[in-house]
Structures are given as structure tokens and as C-alpha cells.
Amino acid sequence: MTTQFTPKAVFVLAVFTLLALYPLAAGSFGIDLVSKTMIFALFALSLELLVGGAGLVCFGHAAFFGIGAYAVVLMSPPDGPASLLWLLPVASLAAALYALVVGALSLRTKGVYFIMVTLAFAQMAYYVVHDTPLGGGTDGIYLGSKPVLGRLIDLDKPLVLYGFILAVLAGAFGFLALLSRSRFGRALAGIRVNEQRMRATGFATYPYKLAAFTVSGGIAGLAGALFAIKDGFVNPELMSWHFSGAVLIMIILGGIGHLRGALIGAFAFALLQELFQSAAIFGNFAKHWHLGLGLAIIVSVALLPRGLVGLPGQWRERRVGRASRRADVAEVAAGQS
């Protein structure tokens, strides 16, 4: 029995292979940048499960990311490194529990009301760490030492940290890919397309949406935990609505409804940000990089309504359209002659 790889699978395998080989040719800055981008890609994958999987636009997703990040710092002992075996699962679980509470309440609303309720819960979490000593206030708090797994994994080494983040990203991508092909994933797809019809066929849609919201929050918390380990510092901005908006832009830029779109969007967003922040290219305008980034995103959304992942399809449609028009012109010319 032979296994056939689809173009989508080949693309994903090529991406992860290139990421695995990238440190062989990159310097310390490049490794640090791609490590951060992979964490954002993991964060984007978590939101893709909601937006692309169930059609739930959450504007407070940064709260789960921030809870995972703060959990790592607050639970790490001050006198030595913690163990990865319990620290990462607990950080992810903390974010998932908050997502369970938020989802249980916010999923009783729909549309713009759901967006605003999730934003309100995110702002509540933001002000808890911003205005109380728990999270160090506006100054944030530092991670005393990065966690380890015995002598096998020491995340204080950049290459080890890079490989660990890549492994977590690949594992999360594989998990979500299997989830989307399962009965649960097909139920979410049905909810996204027509929730009323799903209810009419006997599906209780609320538990499915709540489960998706909780899983999504847990993965976002895992991304936040990796971010705290990488930077060794957390502050309230990790929970701000700006960050929730940024990750939403990532999946829109890449293409909603596709897991690989979340990967593409995260890397495209990071590259655009680095491009417009480059003083060597834009000179003094680099101080206003938000303006350039915003214009680039507006142009890309206008020209690529299905995101970057839909670009090959648009090219094929244009080629087919041109060929069809040529055939029509030739048929008309033949009829006139």
C-alpha cells in the first residue's frame, strides 16, 4: 500500500524541514527572530481553531497567551530552574481553565456581542496584572531561571530552545490537523457553515464550541509559556487588545480556514514588521513602522481576499479565465469568417 502526499502535506513538510535546517545557516539574531515567530505561529494556530474551525471571532485571545506566560514566571522557584514536565502543562492548564470560564459565559452570545464579551474578559485579566502586585504592575516580572528537563533539555541554550519550540509547534500542528479531520472537527465545520442546521439535525452545538474554546485557550497558554521562557520577562502588554488584534491579522493575512495559513500569516507578519522597522531600508520612516505595516496589510487583504494561502488558486483562476476568454474570442472570429 503506497502513501500519497497531497500538495498541502508536501508544503507543510517542506516548511518544517526548512525550519529544522535553518539554524545551520543562521546567526544568533536570525535564530532568535525565528524562535519568536514560531511562538507567534503557535498562538495563531490556537486562534485558527476558533475562527477558521468554528467561525468564532475572539478578540480577547491575548488573555490566554498572557496567563500562560505569567503562570510560568509566577510558578518558577526563585532559587533554581523548574522542571518542564510539570511547568508547561500547568501553565497551559491555567489558560485553559480561564478559557473554560470565559467560554461558558461568552458563548451564550453571538456576533459582535461575543467579540465584545471576550474583549471585556481579556481586559479584566489585563488590569489584574497591570494594577496589582501579582504581576509586578506595569514593570512586569522576570523569570529567575529557564526550566530544564534533567540533563536532556536545557532551554538556556538558544539552539536547544529553538529545537524545543519547533517540536512543540510541529506537535500542535499535527494535533490540530488530526482534530480537524475527526468527528469533532467536522462538527465544528458544520457549526461554522450553519449552526441552525446543525441544531436541527440533533447536535448540541454549545458543548462543541465550549470544548473548542477551551482547547484553543490551552494552546494559546502554551505559546505564552514558551514566550516567557524565551524572553525571560513578561509584562501586561502580553494581554492587551493590541496583541489580540495582531494575532487576528496573522490568520487573516495567511488565510482563514487553513492551518498552514496560520503558519504563513505569522511569518509574513513578522517579516513585514522587521522590514518596516529597518532603518537601513526606510531611514527615519522606520520610526513610523506601524503606518507602513498597516498599509501593507490593507493592500494584501484587498488583493488577496483568501489570504496568502489562496494565492496559487487565484493565479490558476486567472490563467483559466484568460484561456477561456481567448477561446471565446477565437470562436467568435471563426464564426465571423
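Number of residues in the range 226-280 that are touching a Pro at 6+ places or on another chain (Cβ under 8 Å) and surrounded by fewer than 20 Cβ atoms within 10 Å (Cβ to Cβ) equals 0.
Filtering SER28, SER35, SER46 for residues that are among the hydroxyl-bearing types (Ser, Thr, Tyr) and modelled with pLDDT under 90 leaves a single hit, SER28.
So which of LYS157, LYS146 is charged (D, E, K, R) and in contact with a Pro (Cβ under 7 Å, 6 or more places away or on another chain)?
Selected residue: LYS146, the only one of LYS157, LYS146 that is charged (D, E, K, R) and in contact with a Pro (Cβ under 7 Å, 6 or more places away or on another chain).
Checked against (1) under 23 Å from TYR208 (Cβ atoms); (2) small (Gly, Ala, Ser); (3) more than 23 Å from the chain's Cα centre (by Cα), SER76 passes all but condition (1). Is it the case that some residue within the range 278-287 is under 19 Å from ALA44 (Cα atoms), among the polar types (S, T, N, Q) and modelled with pLDDT under 90? No, the range 278-287 contains no residue that is under 19 Å from ALA44 (Cα atoms), among the polar types (S, T, N, Q) and modelled with pLDDT under 90.
When the helices (runs of 4 or more DSSP H) confined to the range 24-137 are screened for residues that are within 27 Å of GLY150 (Cα to Cα) and among the hydroxyl-bearing types (Ser, Thr, Tyr), those reaching at least 1 such residues are found at 28-54, 62-75, 84-106. Looking across LYS209, LYS230, LYS146, one residue alone is outside any loop (DSSP other than H, G, I, E, B), closer than 26 Å to ALA26 by Cβ, of a type in the set (Lys, Arg) and touching a helix residue (DSSP H, G or I) at 6+ places or on another chain (Cβ under 9 Å). It is LYS230.
If you check LEU19, LEU42, LEU24, which single one turns out to be touching a residue at least 40 places away in the same chain (Cβ under 8 Å), surrounded by fewer than 24 Cβ atoms within 10 Å (Cβ to Cβ) and among the hydrophobic types (A, V, I, L, M, F, W, C)? Lay out the reasoning, then the answer.
Details: LEU42 fails: surrounded by fewer than 24 Cβ atoms within 10 Å (Cβ to Cβ); LEU24 fails: touching a residue at least 40 places away in the same chain (Cβ under 8 Å).
After applying the criteria, what remains is LEU19.
Filtering the range 289-311 for residues that are charged (D, E, K, R), in a helix (DSSP H, G or I), out of contact with any Pro (no Cβ under 8 Å at 6 or more places or on another chain) and modelled with pLDDT of 80 or more leaves an empty set.
The values are calculated or read from the model by the stated rules, or taken from the named source; none is laboratory data. Just so we're clear, the structure is a prediction, and the values are computed from it rather than from any experiment. Ideal geometry is used to build each Cβ from the backbone, glycine not excepted, and the neighbour counts take in all protein chains shown.
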